[in-house]
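Here's the structure, in structure tokens; my notes come after.
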Amino acid sequence: MKRPVYPLLICYTIGLLFANRFPFSWISISATWILLSLSLLSTALLHFRKYRSVTGVLLIAFIALGISRYTLSQKLPARHLIHFIKDRQLVTLEGRLYQPREEFPDRDRLYLEVETLEEGTTRQVVEGRVRLTIHKVPTVHVIPDLQYGDKLRIRTRLYVPTNYQNPGAFDYKAYLAHQGIYLTGSLSHYSPYLLRQLETGGGFWLLRWTFRLRERMRTFLGPLWESPAETRALEENRLLSGKEAGEGIEKGVGEDDQDTSREEPAAQMDRSELNGEKGVLQAMVLGSKASLDLELQESFRLSGLYHLLVVSGGNIGILVGFLFMLLKFFRLLSRRMLVGVIALVFLYALLTGFEPPVVRASIMVTIFLLALLFDRDADPFYSLAASAMLILILDPLSLFEASFQLTMAATAAILYAYKFILKDLYETLKGQAEDPGFWVSFRKKAQMFFTGIVVMTALAMLGTTPLIIYYFNHVYPYGLLANIPALPLSALILSLGVLACGLNFLIPPLARTLLAIDLVLVKGFISLSTFTARLPYSELVLSTRFLVPLLFSYTLFFGILHGLKRPLSQRGSLAASAVVLVFLAYALVPRMRPPPLRVTFLDVGQGDSAVVEFPEGTTLLIDGGGTSYGNKFDAGRSLLASYLWHQGITKVDVMVISHPHAEHFQGFHSVVEKFKVGAVWSSPQESRNPAYWELLQKIARRKVPHFHVEEGHQQKFGNAEVQVLHPSPAYLVSGAQTSQHRENNNSLVLKLTYGKVCFLFPGDIEREAEQFLLQGGRLGPCAILKAPHHGSATSSSRDFLKVLRPEVAVISAGKDSRFGNPAPVVLDRYRAAGIKVYRTDEEGAVRIETDGLRYTIKTFKEAS
């Protein structure tokens, strides 16, 4: 094989995909390797000169290598910590920090390589990694200056991370597992009793030196927090929320991982003041995002410039280009210097935290530079394939990461742009640029430069768009235009930042001057991002269903691109064929079958949220999830929005707030901000909940029609009808409900009818409201019931179920609910009545589709 990496990479990748889809046992893998080894040996002996036979066995061997490598990556050691503890268990750990702590205004994160585990009087040697969050409290002890290699003793409660099981949801558990983290812990505050520093100065000396260098560079670029007073204010705001030790949201996501967009306004203002140009510069040069404001990150995302804000493979390319420019300027470019460039590349990768995209780019650049070093033809595509092979052998799980796929797709697209578009153009312009006239030469060189930026950016966006739609369901139309000035500006910012950090050790006054200049450039960079993000239609939401016609569009584009090199007589037929394929895709794919009415009960923990998608395309969103105990997790942004975007939904026609409890409305804050909302329905009851009033004010500011609906209200959605059965004006003023459960019993009760199929959404009504509905004869048989009040013992009375006669009950509850929902007595009651029960805490999102005659049920757990 002349280019062996290509077929070997393909076979190895097939092995990884196969093992991911069909898990293998160690016995089968061992037997496979023994047979392959014998086959390879016998083939080599019997057919030594028949290279095709040997090649075939070698390719099969790489498929087996992929299978075994993937299986090996999934197997944890016998002494791993996960084998010795239960979820939410209180333990004492000893171990060393394997990377520097991450500092935030209100918390620190520690990464511990555990060595021993203590449970009562039992002490045992273990291994494994734990991520620990320590919240900062100004009224107690200050967290000590913990560094890489320090040995610590920690008493904490450990959690096993799990996911919210919804289509389009982020796989948080896999994200941590890829870092080798299978357990997390949390401390509400630092205390010498809970955390003790046993030793300092451990770990590998090179890493210790690198992390100290990084800290000095970060200090030079600017402190993370401008003022202790502002930091204390933020911490005090957190204290007022009443968080308790070890408390975290259901599903295992600690408070450290939760969205901060629901913080108190004062806290957001403090954080906004703490960030700015220095925070952006730290993010671009060192990969430190701790001081970046969420609003600032959002503006970079909407402008299509986020890839320039964070440390990525592009930083390595810029750094290498900058080093080559310096070496050529000082006439120092040589083989020895190439070795130095490789060393500096990996030093920079260490300084930026050895993030996977940077590591991948470092490997690729190293392979390319080694080819130059040994006078080999440096084929960039071959270097890309070799780097992919090396990365996947070292870390096979990278194949399933969005960042790896995006890096490879963008790099391949840029290389394609150069080879098939820019190379010939550059040769033409290069001859013109040698014109003796200065302005003519300058104009041609500028034309080469900006043409390269436009074409490479366009191809990189084209190459990554399918993956971006698949993973994130967003595209940013102005990204191409914004990148034209942003790419050279970010390259200059990064180069000056790195140069200033280096000169700070030699000529501090000059370094400070360069830093001041760089901060001015950063300010311009931020202004460009903010301006672009504020343009109309800066963000388009596309469903994954859009991928099929998009791939047909790619067929058209690349068919025309290569067709330009064919005779004129063949170009027309080629383009016409591609156009026909595109129109067929757009016309036929959505119409393969009539759309059903779809109701999806989302997994939102101890909350409620159901999405009704009507056949004609309108959407009804009943409740928005959230948490009732004040943490900062944003269910709207993380759960509702991700599902709606995954479905390609950009407008919520009606948003229903069943009653003013946080676990039912909190997620609507982000829905109102990020989606067009046609109308809001809510119960007429009053509430003193400040967060509820904040939501109502936000709805009013956005001029969304808001209706208080009650019994008798009904609305048609095509052939479907939604009726409000409760509360009635008589019930609201009757005083039938006790004050303790008033808001629950005043919940909106909705009945959705489509053909012969009926759904009942009773909110959180309890036994009193159920009896009132029964006495008024408002209820009748209904096939599908959303269990009232999360399956609580105060609801789902026998009389209620006897009248409804549901076939299916869907219970929306959180894992290990502190309220004990669903109650065992209710589950027994459902089973005794022959009702099929589905639980979001066990089976994830529950999707029910109906044509009006029959219905089908599929859970997220079944689909995955």
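The values are calculated or read from the model by the stated rules, or taken from the named source; none is laboratory data. Please read all numbers here as calculations on a predicted model, not as lab measurements. With ideal geometry, Cβ positions are generated from the backbone for all residues, glycine too; neighbour counts draw on all protein chains shown.
Residues that are surrounded by fewer than 19 Cβ atoms within 10 Å (Cβ to Cβ) and on the phi < 0 side of the Ramachandran plot, at least 3 per element: which strands (runs of 3 or more DSSP E) completely within region 771-864 meet that? Quick ask: steps written out before the conclusion?
Details: elements: 784-786, 808-811, 836-839, 846-850, 855-859.
Fully inside region 771-864 and qualifying: 855-859.
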| Just wondering, is there one or more residues in region 467-485 that are in contact (Cβ under 8 Å) with a residue 12 or more places away in the chain, buried (at least 16 other Cβ atoms within 10 Å of the Cβ) and touching a Lys or Arg at 6+ places or on another chain (Cβ under 8 Å)? | yes
| field | Which numbered condition Leu292 misses (of (1) assigned by TED's automatic domain parsing to the domain that holds Ala386; (2) outside any helix (DSSP H, G or I)) | value | (1)
| note | Residues in region 492-538 that are more than 12 Å from Leu281 (Cα to Cα), of a type in the set (A, V, I, L, M), assigned to a helix (DSSP H, G or I) and within 31 Å of the chain's Cα centre (by Cα) total 2
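Look at Arg88 and say whether it is within 15 Å of Ile154 (Cβ to Cβ) and touching a Phe, Trp or Tyr at 6+ places or on another chain (Cβ under 8 Å). Give the steps one after another, and end with the answer.
Numbers: within 15 Å of Ile154 (Cβ to Cβ): no; touching a Phe, Trp or Tyr at 6+ places or on another chain (Cβ under 8 Å): yes.
When the stated conditions are applied, Arg88 does not pass them.
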| request: Of the numbered conditions (1) modelled with pLDDT of 95 or more; (2) in contact with a Ser or Thr (Cβ under 6 Å, 6 or more places away or on another chain), Glu113 fails exactly one; give the number of that condition. | output: (2)
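Of the residues Gly304, Gly279, which is modelled with pLDDT of 80 or more, closer than 25 Å to Arg109 by Cβ and surrounded by 21 or more Cβ atoms within 10 Å (Cβ to Cβ)? Before you say what the answer is, go through the steps one by one.
Numbers: Gly304 fails: closer than 25 Å to Arg109 by Cβ.
Within the list Gly304, Gly279, the selection yields Gly279.
Output the number of residues of region 170-222 satisfying the condition of being part of a loop (DSSP other than H, G, I, E, B) and either over 18 Å from Gly287 (Cβ atoms) or touching a strand residue (DSSP E or B) at 6+ places or on another chain (Cβ under 6 Å) (or both).
First pass over region 170-222, keeping only residues part of a loop (DSSP other than H, G, I, E, B): 170-171, 178-180, 188-194, 200-204, 222.
Now drop any that are not either over 18 Å from Gly287 (Cβ atoms) or touching a strand residue (DSSP E or B) at 6+ places or on another chain (Cβ under 6 Å) (or both), which leaves 170-171, 180, 188-194, 200-204.
The total comes to 15.
Can you find a residue in region 706-728 that is in the same structural domain as Phe633 (by TED's automatic domain parsing), part of a strand (DSSP E or B), among the aromatic types (Phe, Trp, Tyr) and free of Cβ contacts under 8 Å to residues at least 40 places away in the same chain? Talk me through it step by step, then tell me what you get.
Narrowing region 706-728 to residues in the same structural domain as Phe633 (by TED's automatic domain parsing): 706-728.
Checking which are part of a strand (DSSP E or B) leaves us with 706-708, 714-717, 720-726.
So of that shortlist, the ones also among the aromatic types (Phe, Trp, Tyr) come out as 707, 717.
Now narrow it down to the ones that are free of Cβ contacts under 8 Å to residues at least 40 places away in the same chain: 707.
Among the residues of region 706-728, at least one is in the same structural domain as Phe633 (by TED's automatic domain parsing), part of a strand (DSSP E or B), among the aromatic types (Phe, Trp, Tyr) and free of Cβ contacts under 8 Å to residues at least 40 places away in the same chain, which makes the answer yes.
Name the residue that is modelled with the highest pLDDT, counting only residues in region 731-746 that are polar (S, T, N, Q) and part of a loop (DSSP other than H, G, I, E, B).
Initially, region 731-746 is screened for residues polar (S, T, N, Q), giving 734, 737-740, 744-746.
Within this subset, residues satisfying the condition of being part of a loop (DSSP other than H, G, I, E, B) are 737-738, 746.
Working: Gln737: 50, Thr738: 49, Asn746: 92.
It comes out as Asn746.
Which members of region 673-700 meet the condition of being farther than 26 Å from Arg742 by Cβ and modelled with pLDDT under 95?
As a first pass, look at region 673-700 and keep what is farther than 26 Å from Arg742 by Cβ: 673-678.
Within region 673-700, Glu673, Lys674, Phe675, Lys676 meet the criteria.
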| remark: Cβ pairs under 9 Å, 6+ apart or interchain, first in region 448-463 and closer than 15 Å to Pro488 by Cα, second of a type in the set (Phe, Trp, Tyr) and surrounded by fewer than 19 Cβ atoms within 10 Å (Cβ to Cβ), ordered by first then second residue, are Met448/Tyr426; Thr451/Tyr426; Gly452/Tyr418; Gly452/Tyr426; Val455/Tyr418; Met456/Tyr418
| Odd one out for Tyr382, checked against (1) surrounded by fewer than 19 Cβ atoms within 10 Å (Cβ to Cβ); (2) under 19 Å from Ile318 (Cα atoms) | (2)
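Hey, can you tell me all the residues within region 375-413 that are in a loop (DSSP other than H, G, I, E, B) and over 18 Å from Val320 (Cα atoms)? Break it down stepwise before answering.
Here is the first cut: in region 375-413, the ones in a loop (DSSP other than H, G, I, E, B) are 375-379, 395, 401.
Result: Asp375, Arg376, Asp377, Asp395, Glu401.
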| remark: Exactly one of Val757, Val724, Val810, Val709 is touching a helix residue (DSSP H, G or I) at 6+ places or on another chain (Cβ under 9 Å) and of a type outside the set (Lys, Arg), and that residue is Val810
